[in-house]
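Report on the following structure.
What follows is calculated from the coordinates using simple rules that are stated; it is not laboratory data. In this text the structure is predicted, and so the values were computed from the model without any measurement. With ideal geometry, Cβ positions are generated from the backbone for all residues, glycine too; neighbour counts draw on all protein chains shown.
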Amino acid sequence: MAAGLERIDRKALSPLDLLPHTDIREKLVELVLTGVPEGVPAETASELQQIREELGHEAVRDLNVVVFGGGTGLSTIIGGDSRSKSWIKDPFSGLKCLFPKTRSIICITDDGGSTGELLKDLPLIALGDIRHVLLSSIQLLKLQKLHGLSEKQAVRCVKSLAEIFNYRFRSRPESSRQLLHDCGLTDADDLPLIVKEMLENIIENLFADKRLYPTLQRPHCLGNLILVSSIYEQIPGHYSNESLLTEPDLIRQNLHRGIASLCVTLGADEQAVIPCTYVPAELSLRYTNGVQVTGEHKSGAARRGYPVDSVHINFCEEPEVSDEVLALIEDADIMIMAPGSLYSSLIPIFQVPKIAAAVKGNHHALKILVSNLWVQAGETDLSLSEPDRKFHLSDLLKAYERNIPGGTRGLFNKVLCLSFKDVPATIIQNYAVEGKIPIYLDRDEVKRQGIFPLECGIYSTSALREHGVIRHDPKQFSLVIRTLWAIFRSGRDSCQEAGSTDGQDHDEQHKYLTSMQIPCLRYQRIKDYLAGITIQLEGMRRTETDAIRDIFQNILWNHKDIPLEHLQFVKGVQCVAREHWKRNQNWDKVFSFYDPKDSILKIRQDQFNSADRLEVAFLVALGQGLLGNYAARKEILPICSGAIELGKSYHLYLKPEEERNCYFSPRDLATYLTLARMIPDPADANHFTRLVNGAEGFTPPGLLMGLTYAWYLDNRFASHIEYKMAVLKIDHSDLIPEQVRMKSRREKLTVFFREVIFGH
């Protein structure tokens, strides 16, 4: 390869000058992917073809490749998306084909779908992305050598595995025999006997191991349960799930063994998939309006309307990275940051101590970031620096720079981007209708950040032609990486790593959050709490009561920002028939409240007819409950000028501190009331007032607490208060001082909720 480039460089007019692009890397990638251009002189065409063939023979099978990421993006470039029905058409392409020593380091903050259901019952890390990538990592040669299969037999074997691993059930299977039949394993004659017997034993163990019994009660992807059962086979049966909570090292050791055992038997490398840490973790995003949302699944569905300001990863204890991961990074010849969710894929990995520093400490490897194709609603649909425009590639790089300990220097210096030049405009328009917009390459700005963008046609032309969709093509991608490696090895890579950094100081300065509760323990505590309160449903049967209790349990589970301490003043929930609803609705249409007389959340009956309305009603009343029995009395007095009523004065008298049963300290309570525009009485610390103009209404402190509580947790559920917070989006004018004061109050209120109420 190097000799070929030197040969053509000696010519006055290089054949490479006839190729599109100005950068040699992009020229050679284009040559590899599309071939010699038509119309060039025969001698030149021959020289270009020779270079192309030399690139195709670059020796890469012994190279150590480490890929970071999670889920669909990573699995696609490793070997194709194993959850896609079309995967089975070509299951042995991608990086694993050209680079058999490819290993994936996986993010473990996923908490949605089947993975989220597992976290409710077992003291494990999130396993969904591990399962997904494991199946995509199965290699043809390993499968053939291990089980003596022809290529056709290997394809049929993987097809059966995909059907089994991707099988989902919503209700508990009657028996292991029934599950084996439903997932297709009973009739899977294409599986080698050793694989079939292993899977049968693993699935039967789901029914035999009492520790795994709860998992069968929930909807699941069978592949996740296969992974779980393989892990639990390594753990002695006398360890209960409760006792495992106090034996984290035992769980971690057997997590490794269970994953490795499954990899080897299925024909993947023993180190094909490795979690970035064995310590459970959760994702938390802070938006520029000050709100912080916890949970990857919830943040992915959020529509805050503000850019993400920062990313925080919370661990249940001090996070650790295994020696195995550090050794793989140290020995890596190529490191790839896979495409995926910006904030929930790569950043959580590099916030684990030592990982970013280890990558930066490897100065001999080729390091490449792969850009996403599309903006992601809730994450990359708004630019932090310029919220009025769409998301650019430079914005993605700035997000990494802000949120990765020590920044991106030494982490990667090239970013691989999709070239849209041959994609029909109609396809782009169709995606736009679905709300998907490309991440635009602002090449000059990216270069100013010290990163070199490489624009390549790494999408699947067959998927574009047959289905009108654009996605990374695993085969094309692997060819690009091989080409870039050849250039890198030849010494012609003009953007090789500049300078060096070990990142250690940055890691030591980075503050890792360790306040997370192990998910299954939190879920059990929620369950215990709800079992101990009264739920009164007028005219409903006991089975309906149990169903409502389950709904409340899932509300509290899904809103991970709610501390369990918020429940201490709530003794029950009561459904109130519409005809018995006596609450005055002159000023609002909120049909729930916290009753301090009996510490019961009162919700009007018709709110139970809609899951969304019930969730809003529950959260509003729960938020009000934080004030407890703080009020001794409330009164509204008219303010008159002669016979004209100018307005009213609202008076709030607090109970004496010793009689108060309230979540807030006296100081925090006074702060909140001031933010609610109540004026403290200098002569009486328990007296607050507020003026109300004319016939205008106002939001009293209790209702404001409940509405803002629900809005903070999910602004889609609290349009009641959204209009008040809209002032945060307005560029204030110095000509309108009241607008400045109003915006400042809203900002301080948001900070109060984030820091005092939700403890962020």
Going Cα to Cα from residue 367, which lysines come in below 21 Å? Please leave out same-chain ones fewer than 8 positions away. 27, 96, 101, 354, 398, 414, 447, 475
Only four residue types carry charge here, +1 at the Cβ of Lys and Arg and -1 at the Cβ of Asp and Glu. Report the dipole size of the chain about the Cα centre in Debye, rounded to the nearest 20. 1520
Place +1 on the Cβ of every Lys and Arg and -1 on the Cβ of every Asp and Glu in the chain, take the dipole about the Cα centre, and give the residue among 134, 557, 37 whose Cα lies farthest towards its positive end. 557
Tell me the mean residue ellipticity at 222 nm calculated for the chain from its helices only (DSSP H runs of n ≥ 4, each -39500 (n - 2.57), averaged over every residue, nearest 500). -12500 deg cm²/dmol
Give me the distance between the Cα centres of region 228-281 and region 692-711, rounded to whole Å. 51
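So how much slack lies between residue 736 and residue 528, counting 0.36 nm per residue of separation and subtracting their Cα-Cα distance, in nm?
Working: separation 208, 0.36 × 208 = 74.88 nm, distance 5.20 nm.
Result for the pair: 69.7 nm of gain on full extension.
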Aspartates and glutamates with Cα under 18 Å of residue 743, excluding same-chain neighbours fewer than 8 positions away: 722, 731, 734
Relative contact order of the chain, defined on C-alpha pairs under 8 angstrom at six or more residues apart (%): 12
Considering only DSSP beta bridges with both partners in region 532-757, what is the antiparallel share in %, to the nearest 5? 75
For region 532-757, what is the charge dipole size about the Cα centre, in debye to the nearest 20, if Lys and Arg each add +1 at the Cβ and Asp and Glu each add -1 at the Cβ? 180
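If you take every DSSP beta bridge fully contained in the chain, what fraction is antiparallel? Give it as a percent rounded to 5.
Details: 38 of 73 bridges.
Antiparallel: roughly 50 percent of the beta bridges in the chain.
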Using +1 at the C-beta of Lys and Arg and -1 at the C-beta of Asp and Glu, which of 307, 418, 403 has the Cα lying farthest in the positive direction of the dipole of the chain? 307
Distance between Cα centroids, region 17-33 to region 146-188: provide it in whole Å. 44
With label points set 7 Å from each Cα along the Cα-to-Cβ direction at residue 364 and residue 588, the distance between them in nm comes to 6.6
Quick one: Cα centre-to-centre distance for region 59-84 and region 636-655, in angstrom? 69
Cross-link pairs 571/655; 571/748; 582/748; 655/724 - those with Cα-Cα distance over 27 Å: 571/748; 582/748; 655/724
The relative contact order of region 532-757, taking Cα pairs under 8 Å that sit 6 or more residues apart, comes to a percentage of 15
Can you find, among 215, 75, 266, the residue farthest towards the positive end of the dipole of the chain? Put +1 on the C-beta of Lys and Arg, -1 on that of Asp and Glu. 215
